[in-house]
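Only one structure is covered here, and it is reproduced in the block below.
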Amino acid sequence: MNILVVGGAGYVGGGIVDKLQQKHQVTVYDSLIYENEFRKNVNFIYGDIRDYSKLNKILKNYDAVVWLAALVGDGACSINPTLTYEINSDSVKNLVGNFKGKIIFFSTCSVYGAQEGVLNEESEVNPLSEYAKSKLVAEEILTNSDAIVFRLGTLFGIGDEFSRIRLDLVVNVLVTKALIDNKMSVFGGEQWRPLLHVKDVANAVDHTIESSLKGVYNLHYKNFKISEIADLIKERISNVEIVTTPLPFQDARNYQVSSEKLKLASNFVAEVSLEKGIEEVFNLISSGRIKDINNPRYSNQNFLKTFGVS
């Protein structure tokens, strides 16, 4: 297949590109918001997804589009809600209107918000942020298209050798704090998160892109409480102090999900463990391979506050 990976230079895109190019012809279309360069030996087109005249001219050249381009995260999307919908929703409407091939789109399990029980794709949604709301708008736009919509769990780990790591995700940031500060702050700790290694996103795309699958699917590895994540990190970094406070954190999300629908439809199961992701981040931080962990580029929200997107 000839595949266009839109947003393929980022945290999630890096692993997807590496996986797909083993069997397919891959081109990356990216504006390099968080990156200074794209060094992979892969076809590359520099471009903004809002430049419809440029993007629409090339879409016809591809059998499938993997659409990663988005403003991601509750904090990042709250900075400029108008821009959030322009990038996360309006661009998808343009895609559907100008491309009739296979689409793989990434939504988020954050659309479930805060709910009890284990949630599936038929459960009510309860988005608590502009990020989740904008993704739901995009899902609706894709309803009648030939699209797989993956509602991703909370990501962790390292996807590839080149793309920047995100240090604003719960597992990655707790490992970093444990190593740098010898302390992890856990607010409440009873909140549930459906975790997913970033490489399992690539594995799911590779597994389904040539299939007839379409519709909305949860994609996660396992559900963990925040306190359970901290305990597993302490097993790896024994001298760390876990500071638990009953004060509520600003992130009110609390949900567990099932990915049984995807398993039954495609036989795909996410298998990269939380322990493996913890070890990856441990090795990266402890070896001093990041010069300045406080650099805004490692946090979507901090980067956009500092440099913005226009």
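From the list Ala270, Ala265, exactly one residue is in a loop (DSSP other than H, G, I, E, B), surrounded by 13 or more Cβ atoms within 10 Å (Cβ to Cβ) and touching a residue at least 40 places away in the same chain (Cβ under 8 Å). Which is it?
Ala270
What pairs come out if I take residues in the range 29-43 that are under 13 Å from Val5 (Cα atoms) and pair them with residues that are in a loop (DSSP other than H, G, I, E, B) and acidic (Asp, Glu) whose C-beta lies under 8 Å away, six or more apart or interchain?
Here the result reads Ser31/Asp48, each pair linking the range 29-43 to a residue that is in a loop (DSSP other than H, G, I, E, B) and acidic (Asp, Glu).
Against the condition within 17 Å of Thr208 (Cβ to Cβ) and under 20 Å from the mean Cα position of the chain (by Cα), how does Val92 come out, does it pass?
no
Quick one: Glu241 ticks every box in (1) closer than 18 Å to Lys222 by Cα; (2) in contact with a strand residue (DSSP E or B) (Cβ under 6 Å, 6 or more places away or on another chain); (3) of a type outside the set (S, T, N, Q) except a single one, so which number is it?
Going through the list (1) closer than 18 Å to Lys222 by Cα; (2) in contact with a strand residue (DSSP E or B) (Cβ under 6 Å, 6 or more places away or on another chain); (3) of a type outside the set (S, T, N, Q), Glu241 breaks only (1).
Name the residues in the range 209-225 that are surrounded by fewer than 21 Cβ atoms within 10 Å (Cβ to Cβ) and either small (Gly, Ala, Ser) or more than 17 Å from the chain's Cα centre (by Cα) (or both), would you?
Passing the criteria: Glu210, Ser211, Ser212, Leu213, Lys214, Gly215, Lys225.
When you scan the range 67-76, do you find a residue that is within 22 Å of Leu213 (Cα to Cα) and in a loop (DSSP other than H, G, I, E, B), even just one?
Looking for residues that are within 22 Å of Leu213 (Cα to Cα) and in a loop (DSSP other than H, G, I, E, B), one finds at least one in the range 67-76, hence yes.
Among the residues of the range 171-189, are any in contact with a helix residue (DSSP H, G or I) (Cβ under 8 Å, 6 or more places away or on another chain), among the charged types (D, E, K, R) and surrounded by 24 or more Cβ atoms within 10 Å (Cβ to Cβ)?
No: the range 171-189 contains no residue that is in contact with a helix residue (DSSP H, G or I) (Cβ under 8 Å, 6 or more places away or on another chain), among the charged types (D, E, K, R) and surrounded by 24 or more Cβ atoms within 10 Å (Cβ to Cβ).
Looking for something in contact with an Asp or Glu (Cβ under 8 Å, 6 or more places away or on another chain) and within 26 Å of His197 (Cβ to Cβ) - is there at least one such residue anywhere in the range 49-58?
No: the range 49-58 contains no residue that is in contact with an Asp or Glu (Cβ under 8 Å, 6 or more places away or on another chain) and within 26 Å of His197 (Cβ to Cβ).
Would you be able to tell me the number of residues in the range 120-149 that are among the small types (Gly, Ala, Ser), under 19 Å from the mean Cα position of the chain (by Cα) and more than 14 Å from Ile104 (Cα to Cα)?
3
Which residues, taken from the range 53-73, are farther than 19 Å from Arg164 by Cα and either crowded, with 16+ Cβ neighbours inside 10 Å or polar (S, T, N, Q) (or both)?
Scanning the range 53-73 gives Ser53, Leu55, Asn56, Leu59, Asn61, Tyr62, Ala64, Val65, Val66.
For the range 145-187, name all the residues that are assigned to a helix (DSSP H, G or I) and without any contact (Cβ under 8 Å) to a residue 40 or more places away in the chain.
Within the range 145-187, Val173, Lys177, Asp181 meet the criteria.
Output yes when any residue across the range 208-220 is in a helix (DSSP H, G or I), touching a Ser or Thr at 6+ places or on another chain (Cβ under 6 Å) and of a type in the set (S, T, N, Q), and no when none is.
yes
Which residues, taken from the range 150-176, are out of contact with any Cys (no Cβ under 7 Å at 6 or more places or on another chain), hydrophobic (A, V, I, L, M, F, W, C) and under 12 Å from Cys109 (Cα atoms)?
Phe150, Leu155
Quick check on my filter: what residues within the range 190-204 are surrounded by fewer than 24 Cβ atoms within 10 Å (Cβ to Cβ) and among the acidic types (Asp, Glu)?
Selection gives Glu190 alone.
It is to be established whether one or more residues within the range 112-127 are surrounded by 16 or more Cβ atoms within 10 Å (Cβ to Cβ), assigned to a helix (DSSP H, G or I), among the hydrophobic types (A, V, I, L, M, F, W, C) and on the phi < 0 side of the Ramachandran plot.
There is no residue in the range 112-127 that is surrounded by 16 or more Cβ atoms within 10 Å (Cβ to Cβ), assigned to a helix (DSSP H, G or I), among the hydrophobic types (A, V, I, L, M, F, W, C) and on the phi < 0 side of the Ramachandran plot.
For the range 231-241, state whether one or more residues are assigned to a strand (DSSP E or B), of a type outside the set (A, V, I, L, M, F, W, C) and surrounded by fewer than 14 Cβ atoms within 10 Å (Cβ to Cβ).
Yes, some residue in the range 231-241 is assigned to a strand (DSSP E or B), of a type outside the set (A, V, I, L, M, F, W, C) and surrounded by fewer than 14 Cβ atoms within 10 Å (Cβ to Cβ).
Does any residue of the range 193-205 turn out to be farther than 22 Å from Phe268 by Cβ and not in a helix (DSSP H, G or I)?
Taking every residue of the range 193-205 in turn, none turns out to be farther than 22 Å from Phe268 by Cβ and not in a helix (DSSP H, G or I).
Every number here is computed from the coordinates shown, using simple stated rules; none is lab data. All of these numbers come straight from a predicted model, not from anything done at the bench. Using ideal geometry, Cβ is built from the backbone for each residue, glycine included, and neighbour counts are taken over all protein chains shown.
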